[in-house]
Amino acid sequence: MTSTAQLLTRDKFETCLSVIRQASLQILPLLKIRAADGKDPQWFFQQLEQARQSMGSWAAVARRLNLNDAEISQFTLSLRHLQQLVPQYESGQEVSDNQLISALRFVSYLELVRSKQPLLSYSTDLAVEGGEQQQMAQRQIRALELMLRGLINRAWGSQPQLVNHLKTQFGADKVRRWLKNAERGDILSGLRFSELSLLLVDKKEFARHYAALYQNAPQLSLLIDKRKTLQTFLDDIRQIRNDLMQQRPLTTVQIALLDNYYRETSSPVQRAFDEGRTKVNPAALLVGEEPQLQEFIAQAQKKHAANGGDNEDISDTIARPDLRNANKHHDAAETASVALWAMVGVVIVGMVIFALFIVNDATRPPQDAAQTRVITTAMAADRPPENDSPRDMLANMGIAWDENSLRSAIERGDSRIIRLFMQGGMNWKASYAESALAADYRDALTTLLQYRKQMDELRPCRRMVNTTSQAMKDGQSLTSMRKQFLQAFCSSPGVIKRQKEELERALLRQAAQKRRYEESKAQGLQPEPLNTDEVEIQQAIYNALR
């Protein structure tokens, strides 16, 4: 028998699908795509992809919707994730928590698109009750923040140890500011929510102190990595919290998202408390008295305004001050070196031009020399200024410096953005290129291969070979770019040996199939048709690896 919780989850999910259908019928005409009826998320994504192809780029699509590059990347990425989780849906079938969260996240992006493009008027209301739910959202925000503080305080044991650790990680200047804003004896109360969350999801901090709380829990499975899922959820919570701090009523989508995020992030901690593995009790933090809640919200709003908001995305790692200073010194030295060589070049070019001018001055009329001086002056005036760094250029375009933005650029084949990420020093993984390989985005893939040393995925070859094999079984060809990727990352002796063994097994299976075919034919039975595709596929991959 279906539980009440499952019925509520299904109802919210089907409401989200209805919202997506309505929104698609208003968004697609702006992109010159005609649609009579809205369908499932997979169909919507295909229509957006068709609009991208007809308009030339995702940037053109973004301009029609009044979105910047980062916003269109997140919009398409969330829809891609949803249509992968829910390729098809029949009314009444069971819905997982991950499917609901993915649907709610995309509907929240639909709210963003509607706020940016005044021609859109679709409704995203999920018919969630207002007053009590708004108060529950406040309680959940408070409980989550106190839970993070509790976990971090427990990890470091005492305030002096924690303060010293924060000085090492963030620098003395930041710690002084936090102590100034904090409550007495609790430095964490002076941090922004993004800074507090970073102390939990930083790769080293998480592995050292918090992974044991989450690693065996069924929650936080939306993405492959639990830490990355937690980081994504906390960053969405940060944005919801910003609206609450600015005294804006939360939308029904935000309330539903926050409710799911609260369960996903607090349930593993609650289970650890019940089992005696931590002293942080989320349930007790959620049921505080009403005066305590209102005092907490009022203080949080005051600190939010004093800190100028909380608009920094939660990053993967803490940028330690010593590393930041080292980068600054490196950049300064590099800039000085470039400037010095530029000055040398200018002097040499100037000397050559001056010598040519002296030699030729006697053989041409005076007005020609004057004209040359005018042209030379104009050329100097037209010389472009020194370019910003790749990271600055991405920031000016509204693109966040993170793996998600790079992955989005790869998936849509934006070679210019990819090159800026690579020039800025961002690492990448071979798995990011799967959809680009399927679409054969040659410029984007060539750019990645030029920076192959920045590919840091461990043991990508088994997945790459399997993905390539499946793509060929589905009718795709072994393109030159697929061959180059296989040769670049999978041409080691061990991988070649494994692929040779796979080819030999395919040949044995084909021989056995031929014997069964001949036996059936000799017995007058209808033989199974021979399938030679597998051997050809494994042979082609083997040839590409050698």
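The values are calculated or read from the model by the stated rules, or taken from the named source; none is laboratory data. A quick note: this is a predicted structure, and the numbers were derived from the prediction, not measured. So basically every Cβ, Gly included, is an ideal-geometry build from the backbone, and we count neighbours across all protein chains shown.
Brief remarks on what is shown
- Screening Thr467, Thr532 for residues that are hydroxyl-bearing (Ser, Thr, Tyr) and modelled with pLDDT of 80 or more leaves exactly one candidate, Thr467.
- Sole exception among (1) of a type in the set (Lys, Arg); (2) buried (at least 18 other Cβ atoms within 10 Å of the Cβ); (3) over 19 Å from Ala319 (Cβ atoms) for Arg192, by number: (3)
- For Trp178: the one exception among (1) at positive phi; (2) assigned to a helix (DSSP H, G or I): (1)
- Answer residue from the stretch 488-505, given it is under 27 Å from the mean Cα position of the chain (by Cα) and outside any loop (DSSP other than H, G, I, E, B) and is surrounded by the fewest Cβ atoms within 10 Å (Cβ to Cβ) among those: Ala488
- Qualifying residue in the stretch 450-458 (condition: outside any helix (DSSP H, G or I), of a type in the set (Ser, Thr, Tyr) and without any contact (Cβ under 8 Å) to a residue 12 or more places away in the chain): no
- Odd one out for Gly288, checked against (1) in a loop (DSSP other than H, G, I, E, B); (2) among the small types (Gly, Ala, Ser); (3) under 31 Å from the mean Cα position of the chain (by Cα): (3)
- Members of the stretch 483-500 that are touching a helix residue (DSSP H, G or I) at 6+ places or on another chain (Cβ under 7 Å) and either in contact (Cβ under 8 Å) with a residue 60 or more places away in the chain or not β-branched (Val, Ile, Thr) (or both): Lys483, Gln484, Phe485, Leu486, Gln487, Ala488, Phe489, Cys490, Ser491, Gln499, Lys500
Matching residues to (1) touching a Gly at 6+ places or on another chain (Cβ under 6 Å); (2) within 26 Å of Gln134 (Cβ to Cβ); (3) surrounded by 11 or more Cβ atoms within 10 Å (Cβ to Cβ); (4) not charged (D, E, K, R):
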{"position": "Glu264", "(1), (2), (3), (4)": "no, yes, yes, no"}
{"position": "Ser267", "(1), (2), (3), (4)": "no, yes, yes, yes"}
{"position": "Pro282", "(1), (2), (3), (4)": "no, yes, yes, yes"}
{"position": "Leu285", "(1), (2), (3), (4)": "no, yes, yes, yes"}
{"position": "Glu295", "(1), (2), (3), (4)": "no, yes, yes, no"}
{"position": "Asn311", "(1), (2), (3), (4)": "no, yes, no, yes"}
{"position": "Arg320", "(1), (2), (3), (4)": "no, no, yes, no"}
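- Checklist (1) closer than 13 Å to Ile410 by Cα; (2) loosely packed, with under 14 Cβ neighbours inside 10 Å applied to Leu458, failing item: (1)
- Pairs are defined by a Cβ separation below 9 Å, a sequence spacing of at least 6 or placement on different chains, a first member in the stretch 462-482 that is within 14 Å of Ser435 (Cβ to Cβ) and outside the structural domain of Gln499 (by TED's automatic domain parsing), and a second member that is surrounded by fewer than 14 Cβ atoms within 10 Å (Cβ to Cβ) and of a type in the set (Gly, Ala, Ser); no pair meets this definition.
- Meets criteria (at negative phi, touching a helix residue (DSSP H, G or I) at 6+ places or on another chain (Cβ under 8 Å) and not aromatic (Phe, Trp, Tyr)) for Lys302: no
- The single condition among (1) of a type outside the set (Val, Ile, Thr); (2) surrounded by 14 or more Cβ atoms within 10 Å (Cβ to Cβ); (3) within 14 Å of Ala540 (Cβ to Cβ) that Ser477 does not satisfy is (2).
- Scanning the stretch 1-31 for residues that are in a loop (DSSP other than H, G, I, E, B) and over 28 Å from the mean Cα position of the chain (by Cα) turns up Met1, Thr2, Ser3.
- No other residue among Leu110, Leu77, Leu82, Leu67 is modelled with pLDDT of 95 or more and either more than 21 Å from the chain's Cα centre (by Cα) or of a type outside the set (Asp, Glu) (or both) apart from Leu110.
- Some residue of the stretch 44-64 being crowded, with 19+ Cβ neighbours inside 10 Å, part of a helix (DSSP H, G or I) and hydroxyl-bearing (Ser, Thr, Tyr): no
- Total residues in the stretch 146-170 satisfying the condition of being of a type outside the set (A, V, I, L, M), under 28 Å from Thr229 (Cα atoms) and in contact (Cβ under 8 Å) with a residue 24 or more places away in the chain: the figure is 7.
- Residues that are part of a helix (DSSP H, G or I) and among the small types (Gly, Ala, Ser), drawn from the stretch 212-266: Ala212, Ala256, Ser266
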